[in-house]
Structure formats: C-alpha cells, structure tokens
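The values are calculated or read from the model by the stated rules, or taken from the named source; none is laboratory data. Every value quoted in this text rests on a predicted model; they were computed, and no experiment measured them. Methodologically, a virtual Cβ is constructed for each residue, glycine included, from the backbone with ideal geometry; neighbour enumeration extends over all protein chains shown.
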Amino acid sequence: MRNWDKMTFQRFKASTFEGVTPEMKSIFDRDGFLVLDQMVSADDCDMLRHRMTELAADFNPAEHKTVFSSTSGRHGSEDYFLSSGHLIHFFLEEGATDENGTLIVPKEQALNKVGHALHDQDPVFSRLSRSHRFKSLASGLGLTDALLIQSMYIYKQPRIGGEVLCHQDATYLSTEPESCLAFWLALEDATEDNGCLWGIPGGHRNRLKPKSLFKRCQNGGTKTIILDNSPFDEDAKIAIPAPKGTLIAFNGLFPHLSAANHSDKSRHAYTLHLISAQADYPDDNWLQRPAAMPFKGF
Ligand code: FE2
C-alpha cells in the first residue's frame, strides 16, 4: 500500500478546499506546481470515466485513424487533429495499430486521448471543468479573466500507453505574456508503475519563455520552432504520484513528462488548460476555433 503522504514535496488535502491559501500560492510560485489530494471526489472521477465510456462507444476507428504520439509527432499534419480545437476527437495509441493502420487491440484499449473541447461540448465534462472549486483554484493561483481553452481525456493504456517526453505546455498554448495554467486530474491512482506525472521543480523559473513553440502553418500542418535547444535538467526531475481525485495544478512553463505504462493498470487522467483573456492568443497557435465558438470562461 502506497503511503501518499511520504512524498518529498508538500501535498495538500483538498477535500474541504475553499480557496488557495498563501502557503499553497507560495509553493506554486516557487516550484511551478501544486498537488491537491481529494480535490475531486471519487464519485465525480467515476462519473467522468463513465461518461467517456459512453462517448467512446460512438467512435468508429475505421473512420479516423489518427495516432497521437509525442515522440513521432505525426498527428500534427492531420486535419482530424487540427480541427479538434472546438470538438471531441479521438486519437489512437501508437502501439494500437499495425503498419496499415489496422487496430491490433480492442477499440476500448486503443485510445491514447480524446480532445480538445470536452469542457464546451459535453455537459458532464463542462460541469466539472466549470465547478466553483476549479474557478477558485484558477483565480487563487493568479490567473485573471480565465478562459478554458483546451481539455483532454488521457488514457495511458495498460502495456501500450506511450511515453510523453519532457515538455512545457506553453509550447502548445503560448500567449503574450505567458499565462497558460494546467490542471491535471487523476481519475485513477497514478503511480510510477503506470506512468504518473514527473516534473522538474522550479523549472518554470529558469526561462521566461517556452523552449519551443508548436505552431500552425499558414499552408496547413504544423511546425515546431526551437527557441532554445539546451536540454531540460532531467536529473532534477521528481515523480509526482497522484491518487484518484488528486489535482496537480502547474504553470504552463513547468517542465514535465510521463513514462510509458508497462503495467497492467490503466492511468486515466483529465486535463484542462486555461489562459488569461487579458493576454494575446496568437492566431498561429495550433489550437484555433471558428469565430462562432470563441473560448469561454467559467
Ligand atoms: Fe503536458
């Protein structure tokens, strides 16, 4: 039995969360992340999982075979990915298909993630995403005029759930000035065995900008612009295991990663990204919406 309290960083019990305390804020500013255990009830975690099971039942992998891979990045040129900013689209795991794109595992085990507008397109995900607690957390961490711009349901499937390399989320959701804030919610226990989050405490303070930018090209597709090719200080990374219901909030510049899941246990998570409406959101960010569906706040 894992003792979640015996970790090398401070965790907060948030079952009675009523706002960000000065201690929470100073830890968040210093380390770039904040761990809030029991921020979401087990029942609400189960509700999201159940709802995703319903949504995924309607997905036909024969129609959309877009593999999401943070290592190969090949999804970046596909319209199904590029048009997902305001929709609910389903992305496959790299190890779930053969060289012809044919599924080699059951559909329910083939999904890598679902995104990127669950928080606007589905009432169950919207309700949780726009809860009073999430609103209070965002404002307490210093985000003014929050806009909810991206949501993802991430599977990290048993045995085939792929590695996510060290990155900063602001690479994908850049604003001027930087304002990206991430919420990462464990829908099941996330441990070192099944691919929990890892991060570099304080790594968000080393640079004032993301090291790279993932941008949409005018003529279609995407490109990655390297601003600083020095490696992340991965020797300083720590595991951030998270029991079911734990929310990890982190700065968009916080370097983080997750290992492949070689265990027999899935590691479902729900993530939400927010920016400030007072910051400029460039129109070459990969995630764009039609004019009729602008980003919304809480
Ligand atoms: Fe990330």
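Given the criteria away from the ligand (no atom under 16 Å from the Cβ), small (Gly, Ala, Ser) and under 19 Å from residue 82 (Cβ atoms), does residue 202 qualify?
Numbers: away from the ligand (no atom under 16 Å from the Cβ): yes; small (Gly, Ala, Ser): yes; under 19 Å from residue 82 (Cβ atoms): no.
So residue 202 fails the test.
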Per the filter on region 218-242, residues without any contact (Cβ under 8 Å) to a residue 40 or more places away in the chain and under 19 Å from the mean Cα position of the chain (by Cα) are none
- Message: When you check residue 134 against the structure, is it under 26 Å from residue 41 (Cβ atoms), within 16 Å of the ligand (Cβ to nearest atom) and at pLDDT 95 or above, yes or no?
- Response: no
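Here's the yes/no breakdown for (1) over 27 Å from residue 134 (Cβ atoms); (2) in contact with a Lys or Arg (Cβ under 6 Å, 6 or more places away or on another chain); (3) among the β-branched types (Val, Ile, Thr):
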| site | (1), (2), (3) |
| --- | --- |
| 190 | no, yes, no |
| 200 | no, yes, yes |
| 211 | yes, no, no |
| 224 | yes, no, yes |
Take the conditions closer than 21 Å to residue 277 by Cβ, in contact (Cβ under 8 Å) with a residue 60 or more places away in the chain and either within 16 Å of the ligand (Cβ to nearest atom) or surrounded by 23 or more Cβ atoms within 10 Å (Cβ to Cβ) (or both) and apply them to residue 154. Does it pass?
no
Residue 161 fails exactly one of (1) modelled with pLDDT of 95 or more; (2) buried (at least 23 other Cβ atoms within 10 Å of the Cβ), namely (1)
Over region 157-182, the set of residues in contact with a Leu (Cβ under 8 Å, 6 or more places away or on another chain) and either part of a loop (DSSP other than H, G, I, E, B) or more than 16 Å from the ligand (Cβ to nearest atom) (or both) is 157, 163, 168, 172, 173, 174, 178, 179, 180
